[in-house]
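Single-structure report; data block below.
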Amino acid sequence: MSLKPTPPHDAKNRYLNDKKPGVTKKTIKNYRTTTRQFCDWLDEQGITDLNDLDSEVIQRYKEHRLSNVKVITARQDMMTLKQFIEFCEHIQAVPRGMADMVRIPSVNEDDEICDDLLTRDEAVAMLDFLTKYEYASNRHVTLLILWKTGMRMSGLRALDLGDFDEARPALELRHRPTSGTPLKNKEKSGRDVLLTSETAGIVRDYVEQNRNEVRDEHNRKPLLTSKSGRVVETTIQRYVYTATRPCYYNGGECPFDRDPDTCEAMSWNASCKCPGSVSPHALRRGYVTAARNAGQPKDVTGERVNMSGKVLDKHYDKGSSAEKAERRRDHIRDI
């Protein structure tokens, strides 16, 4: 088979176009980032034609990534790169079998597990503060829904005004890929998430008092809004980072001995640099752990947050050994 001269970035663009129909926008974004990093690195190495790619170059890139990111990140990068090179084989940019030369980094179980979570005590303190000082604001409702339901950030953002059923009360999550709000597991992620009357009351007050009467670019009415339309993911992230800084809700005391006047994490854009702030996913992890500690059955919790029991056990239930033992107490029989 004769190879066709192929600039790396051209192959990258064709690969992304090939993958686009079958995956979510977020997945494409991840593929784009990973393949762009690889192609940019090839540029730095003076490789302008994929015909010159060989196993030694691929191995050097793997070593480059391992020296700059965590093992689990490098593993994900190389798995995506393997798919990319398989596509390059298909378009005759590299020899057949080149993808087999991609060695995927091994990880142990601890490398795969993230322990970042918001504890129940932290969540209660934070929500008490928001209820008192920012009642029914965008930030309050964002943190409230994420904590009380354990839903993904993409699910929260996908909610339309009509998806809030105050009578039940519930939030109705639906997969709408053609109008900009796909869910991670597509139709399988669609579900109704019941709310307490207290939580529903705060959401209702947000809708009546603080929600912007706007439509998004698909003429839909989002539940969570900005002045220009549907709230974007970066704004949700900023709400979470700012609200979970301990000094934000504990009276201004820093548990990390930082001076609030000089701390870089005090600003909106740098709030993620606080050692105590967490990402939106940490609330999902914290919800699962708190729900299981409260006695909510694993299958009920899994269906509510749309995850399998295996994933729940491995990645989300961060209960201590003592907490897990207490869960079993009422089920133990003296035999």
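Condition first: assigned to a loop (DSSP other than H, G, I, E, B), touching a residue at least 12 places away in the same chain (Cβ under 8 Å) and not hydrophobic (A, V, I, L, M, F, W, C). Can you find one or more residues in the range 57-73 that meet it? Lay out the reasoning, then the answer.
Of the residues in the range 57-73, the ones assigned to a loop (DSSP other than H, G, I, E, B) are 67-70.
Still in the running and touching a residue at least 12 places away in the same chain (Cβ under 8 Å): 70.
Okay, now just the ones that are also not hydrophobic (A, V, I, L, M, F, W, C), so 70.
Yes, the range 57-73 contains at least one residue that is assigned to a loop (DSSP other than H, G, I, E, B), touching a residue at least 12 places away in the same chain (Cβ under 8 Å) and not hydrophobic (A, V, I, L, M, F, W, C).
Could you please find all residues in the range 230-276 being touching a Gly at 6+ places or on another chain (Cβ under 8 Å), modelled with pLDDT of 90 or more and either assigned to a loop (DSSP other than H, G, I, E, B) or not assigned by TED's automatic domain parsing to the domain that holds Val207 (or both)?
Once the filter is applied, which keeps residues that are touching a Gly at 6+ places or on another chain (Cβ under 8 Å), modelled with pLDDT of 90 or more and either assigned to a loop (DSSP other than H, G, I, E, B) or not assigned by TED's automatic domain parsing to the domain that holds Val207 (or both), the range 230-276 yields Thr244, Arg245.
What pairs come out if I take residues in the range 75-104 that are at positive phi and pair them with residues that are assigned to a loop (DSSP other than H, G, I, E, B) whose C-beta lies under 6 Å away, six or more apart or interchain?
Pairs that qualify, where the first residue is at positive phi and the partner is assigned to a loop (DSSP other than H, G, I, E, B), are Gln92/Leu3; Gln92/Lys4.
Matching residues to (1) closer than 21 Å to Glu303 by Cα; (2) at pLDDT 95 or above:
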{"position": "Phe84", "(1), (2)": "no, yes"}
{"position": "Met98", "(1), (2)": "no, no"}
{"position": "Met101", "(1), (2)": "no, no"}
{"position": "Pro105", "(1), (2)": "no, no"}
{"position": "Asn108", "(1), (2)": "no, no"}
{"position": "Asp111", "(1), (2)": "no, no"}
{"position": "Asp116", "(1), (2)": "no, no"}
{"position": "Leu130", "(1), (2)": "no, yes"}
{"position": "Gly150", "(1), (2)": "yes, no"}
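Tell me which residues, restricted to the range 134-173, are without any contact (Cβ under 8 Å) to a residue 12 or more places away in the chain and closer than 16 Å to Val305 by Cα.
none
Whether any residue in the range 197-217 is over 21 Å from Leu127 (Cα atoms), aromatic (Phe, Trp, Tyr), more than 22 Å from the chain's Cα centre (by Cα) and in the same structural domain as Asp163 (by TED's automatic domain parsing) is what I want to check. Write out each step before concluding.
Within the range 197-217, the first condition is being over 21 Å from Leu127 (Cα atoms), and the residues that meet it are 212-217.
Restricting the remaining residues to those that are aromatic (Phe, Trp, Tyr) gives none.
Within the range 197-217, none of the residues are over 21 Å from Leu127 (Cα atoms), aromatic (Phe, Trp, Tyr), more than 22 Å from the chain's Cα centre (by Cα) and in the same structural domain as Asp163 (by TED's automatic domain parsing).
Taking only the range 228-268 into account, find how many residues are over 24 Å from the mean Cα position of the chain (by Cα) and closer than 23 Å to Arg152 by Cα.
Final tally of qualifying residues: 0.
Take Gly252 and decide whether it is without any contact (Cβ under 8 Å) to a residue 12 or more places away in the chain and under 20 Å from Leu127 (Cβ atoms). If you could, list the steps in order and put the result at the bottom.
Values: without any contact (Cβ under 8 Å) to a residue 12 or more places away in the chain: yes; under 20 Å from Leu127 (Cβ atoms): yes.
For Gly252, the condition - without any contact (Cβ under 8 Å) to a residue 12 or more places away in the chain and under 20 Å from Leu127 (Cβ atoms) - is met.
Which of the numbered conditions does Thr178 fail, given that it passes all the others? Conditions: (1) crowded, with 17+ Cβ neighbours inside 10 Å; (2) out of contact with any Lys or Arg (no Cβ under 9 Å at 6 or more places or on another chain); (3) at pLDDT below 95; (4) hydroxyl-bearing (Ser, Thr, Tyr).
(1)
Please work out if Ala74 is in contact with a Pro (Cβ under 6 Å, 6 or more places away or on another chain) and over 28 Å from Val232 (Cβ atoms).
Values: in contact with a Pro (Cβ under 6 Å, 6 or more places away or on another chain): yes; over 28 Å from Val232 (Cβ atoms): yes.
Against the criterion (in contact with a Pro (Cβ under 6 Å, 6 or more places away or on another chain) and over 28 Å from Val232 (Cβ atoms)), Ala74 qualifies.
Please go through the range 277-307 and give me each residue that is touching a residue at least 24 places away in the same chain (Cβ under 8 Å), hydrophobic (A, V, I, L, M, F, W, C) and assigned to a loop (DSSP other than H, G, I, E, B), ordered by number. Can you show your working first?
Let us first name the residues in the range 277-307 that are touching a residue at least 24 places away in the same chain (Cβ under 8 Å), namely 277-293, 295, 301, 303-306.
Filter once more, so that each one left must be hydrophobic (A, V, I, L, M, F, W, C): 278, 282-283, 288, 290-291, 305.
Scanning the range 277-307 gives a single hit, Val278.
The values are calculated or read from the model by the stated rules, or taken from the named source; none is laboratory data. Keep in mind that what you see is a predicted model, and the values were worked out from it rather than measured. In this analysis, Cβ positions are derived from the backbone assuming ideal geometry, glycine residues included, and neighbour counts consider all displayed protein chains.
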